[in-house]
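The values are calculated or read from the model by the stated rules, or taken from the named source; none is laboratory data. Everything quoted here is computed from the prediction, not taken from an experiment. Glycine gets a Cβ as well: all are built from the backbone with ideal geometry, and neighbour counts include every protein chain shown.
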Amino acid sequence: MTSLLSAPPSAPAAERRSPLAPSGGRRRRFALRLVALLVLYGLWELAARTTRNPTFIPSPGAVWDQLIRTSTTGYSGHLLVEHLGISLRRILIGSVIGVAGGLVTGVLMGVIPWLRVVTEPVVTFVRALPPLAYFSLFIIWFGIDETPKLWLLSIAALPPVAVATAAAVQGAPTGLVEAARALGAGRWEVIRDVTLPNALPEIFTGVRLAVGMAYSSVVAAETINGVPGIGGMVRDAQRYSQTDVVVLGLFAIGLSGLLIDALLRTAENRLIPWRGRA
């Protein structure tokens with residue numbers, strides 16, 4: 001059953017080749033990105049020299065000096081890699097919990113109509129709330145240790161996955177579902193062998209959005225007792241107007257986020273090679 005229904009038809013070899021696969025296309029993309037980075041660096045340097053106020057716009061050199069200093073002597077008693085590692089651990093745990101909860105919620109919403117009617121407004125309500133809106137409530141309930149931070153990141157990551165999964169499950173091809181039932185598949189076999197494989201592309205999109213939500217919420221999660229942690233480092237530096245440390249922390253969060261997203265895209269391309277192909 002699984003081999004016949006869950007695996008999409010393989011595309012011809014000519015169709016599987018990406019138009020950007022030739023080395024010339026890759027070199028052009030690399031050159032464009034390099035030029036864009038150089039332009040941004042030049043604008044940053046120009047803005048720093050024009051304002052002449054390091055508290056307002058620190059120079060690239062000042063941020064680089066802070067990178068060396070925080071990587072060797074540390075900030076608030078911890079090295080930069082330690083701050084980043086603690087935050088990434090929180091993001092990983094929160095994202096895993098949120099994605100798992102979103103998958104279960106989304107599947108149930110997609111296959112049980114009355115449950116979708118009941119839970120969809122709740123999921124939409126939570127998705128619309130900014131993280132700080134319910135973080136204070138978590139602090140009252142769970143204190144100021146790790147628990148409220150993990151709850152915040154988990155709740156932030158759940159709605160994107162739930163919404164994407166529910167929409168994908170509900171939009172499963174009727175023909176494939178009816179064919180599976182005609183072959184004797186039960187309800188949960190249809191979900192396992194037909195609905196979920198068909199929904200994987202949308203689910204991965206929801207997962208990427210969920211991880212992005214967790215990243216955007218890490219600074220809020222670490223506003224209270226967040227050191228060590230990259231968000232706590234940024235918050236602490238903001239209190240003392242250390243703009244160069246703030247910018248360094250933002251770069252650390254953004255670059256690590258790009259790396260995680262690239263890993264997710266690689267996993268998506270390997271696990272769902274049929275995405276975007278007929």
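Considering only residues that are buried (at least 23 other Cβ atoms within 10 Å of the Cβ) and under 10 Å from the mean Cα position of the chain (by Cα), which ones fall in region 193-206?
Passing the criteria: only G206.
Taking W141 as meeting all but one of (1) part of a helix (DSSP H, G or I); (2) at pLDDT 85 or above; (3) buried (at least 17 other Cβ atoms within 10 Å of the Cβ), write down the number of the exception.
For W141, the failing item is (3).
Name the helices (runs of 4 or more DSSP H) wholly within region 174-278 that hold at least 2 residues that are under 23 Å from F56 (Cα atoms)?
196-221, 230-239, 243-271
Looking only at region 84-136, which residues are of a type in the set (A, V, I, L, M), free of Cβ contacts under 8 Å to residues at least 60 places away in the same chain and closer than 14 Å to P159 by Cβ? Give the steps one after another, and end with the answer.
Residues of region 84-136 that are of a type in the set (A, V, I, L, M), as a first pass: 84, 86, 88, 91-93, 96-97, 99-100, 103-104, 107-109, 111-112, 115, 117-118, 122-123, 126, 128-129, 132-133.
Restricting the remaining residues to those that are free of Cβ contacts under 8 Å to residues at least 60 places away in the same chain gives 92, 96, 100, 104, 108, 112, 115, 117-118, 122-123, 126, 128-129, 133.
Correct list: A100, V104, V122, V123, V126, A128, L129, A133.
Quick check on G229: is it touching a residue at least 24 places away in the same chain (Cβ under 8 Å) and within 17 Å of L80 (Cα to Cα)? Break it down stepwise before answering.
Numbers: touching a residue at least 24 places away in the same chain (Cβ under 8 Å): yes; within 17 Å of L80 (Cα to Cα): yes.
Spelling it out, G229 is indeed touching a residue at least 24 places away in the same chain (Cβ under 8 Å) and within 17 Å of L80 (Cα to Cα).
Can F125 be described as crowded, with 20+ Cβ neighbours inside 10 Å, of a type in the set (F, W, Y) and part of a helix (DSSP H, G or I)?
Against the criterion (crowded, with 20+ Cβ neighbours inside 10 Å, of a type in the set (F, W, Y) and part of a helix (DSSP H, G or I)), F125 does not qualify.
Can you name the residue in region 147-160 that is touching a residue at least 60 places away in the same chain (Cβ under 8 Å) and under 19 Å from the mean Cα position of the chain (by Cα) and, of all such residues, is surrounded by the fewest Cβ atoms within 10 Å (Cβ to Cβ)?
Residue satisfying both the conditions and the ranking: L150.
Here's the yes/no breakdown for (1) acidic (D, E); (2) surrounded by 10 or more Cβ atoms within 10 Å (Cβ to Cβ); (3) outside any loop (DSSP other than H, G, I, E, B); (4) modelled with pLDDT under 50:
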{"site": "A7", "(1), (2), (3), (4)": "no, yes, no, yes"}
{"site": "A11", "(1), (2), (3), (4)": "no, yes, no, yes"}
{"site": "A14", "(1), (2), (3), (4)": "no, no, yes, yes"}
{"site": "G25", "(1), (2), (3), (4)": "no, yes, yes, no"}
{"site": "T50", "(1), (2), (3), (4)": "no, no, yes, no"}
{"site": "T55", "(1), (2), (3), (4)": "no, yes, no, no"}
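Given the options A252, A267, name the one that is small (G, A, S) and modelled with pLDDT of 90 or more. Can you show your working first?
Working: A267 fails: modelled with pLDDT of 90 or more.
Matching residue, one of A252, A267: A252.
Residue check, V227 against (1) of a type in the set (V, I, T); (2) surrounded by fewer than 15 Cβ atoms within 10 Å (Cβ to Cβ); (3) at pLDDT below 85, all met but one. Which one?
Looking at each condition in turn, V227 falls short on (2).
Taking only pairs six or more apart or across chains, which ones have beta-carbon atoms under 7 Å, a first residue in region 177-200 that is of a type in the set (D, E), and a second residue that is surrounded by fewer than 17 Cβ atoms within 10 Å (Cβ to Cβ)?
Here the result reads E189/M1; D193/M1; D193/T2, each pair linking region 177-200 to a residue that is surrounded by fewer than 17 Cβ atoms within 10 Å (Cβ to Cβ).
Kindly indicate which of V81, V104 is part of a helix (DSSP H, G or I), under 30 Å from T195 (Cα atoms) and either at pLDDT 90 or above or in contact with a helix residue (DSSP H, G or I) (Cβ under 8 Å, 6 or more places away or on another chain) (or both).
Testing whether each residue is part of a helix (DSSP H, G or I), under 30 Å from T195 (Cα atoms) and either at pLDDT 90 or above or in contact with a helix residue (DSSP H, G or I) (Cβ under 8 Å, 6 or more places away or on another chain) (or both) leaves just V104.
When residues of region 66-110 are filtered for being more than 18 Å from the chain's Cα centre (by Cα) and closer than 17 Å to T205 by Cα, how many remain?
4
What do you reckon, is T124 among the β-branched types (V, I, T), under 19 Å from the mean Cα position of the chain (by Cα) and farther than 25 Å from L88 by Cβ? Please lay out each step first, then the result.
On the way: among the β-branched types (V, I, T): yes; under 19 Å from the mean Cα position of the chain (by Cα): yes; farther than 25 Å from L88 by Cβ: yes.
So T124 passes the test.
Kindly indicate whether V163 is crowded, with 17+ Cβ neighbours inside 10 Å, over 30 Å from S71 (Cα atoms) and within 20 Å of the chain's Cα centre (by Cα).
Answer is yes for this residue.
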